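Heads up: the structure comes next, in structure tokens.
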Amino acid sequence: MIGNLKPLEILLIVVVILLLFGAKKLPDMARSLGKSARILKSEAKAMKKDGSQEGQAEAAAAPDAQTPQSTTARTIQAAPGDVSSSRPVNEQNRTPQS
């Protein structure tokens, strides 16, 4: 779809974006988009790491052994270059209540 655009059409799209958002807001928008991408990437790596650790722990445990739920709160680490601090994650208990 993007490969079918001619240079004049691309220029028209860029001009419309500049008119809608203004030249001053575009760098801030690009910066926040990059920051969001870094956070998403770090979270995906953390989830992959947690998943592999769970898989290894389940394989090592006995099939009929009960593993207790961790009571420590997980913390989301800030992305590199992010000035905000990390924040705790509140996870809901997913066991059904009877």
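The values are calculated or read from the model by the stated rules, or taken from the named source; none is laboratory data. Nothing here was measured: the structure is a model prediction, and the numbers come from that model. Here Cβ is always computed from backbone atoms with ideal geometry, including for glycine, and neighbour counts include all displayed protein chains.
Consider region 29-39 and keep the residues that are surrounded by 11 or more Cβ atoms within 10 Å (Cβ to Cβ), within 12 Å of the chain's Cα centre (by Cα) and without any contact (Cβ under 8 Å) to a residue 40 or more places away in the chain. The one that is nearest to ILE17 (Cα to Cα) is GLY34. Taking the criterion of being out of contact with any Gly (no Cβ under 6 Å at 6 or more places or on another chain), more than 30 Å from VAL14 (Cα to Cα) and at pLDDT 90 or above, would at least one residue in region 50-64 satisfy it? No, there is no match, as no residue in region 50-64 is out of contact with any Gly (no Cβ under 6 Å at 6 or more places or on another chain), more than 30 Å from VAL14 (Cα to Cα) and at pLDDT 90 or above.
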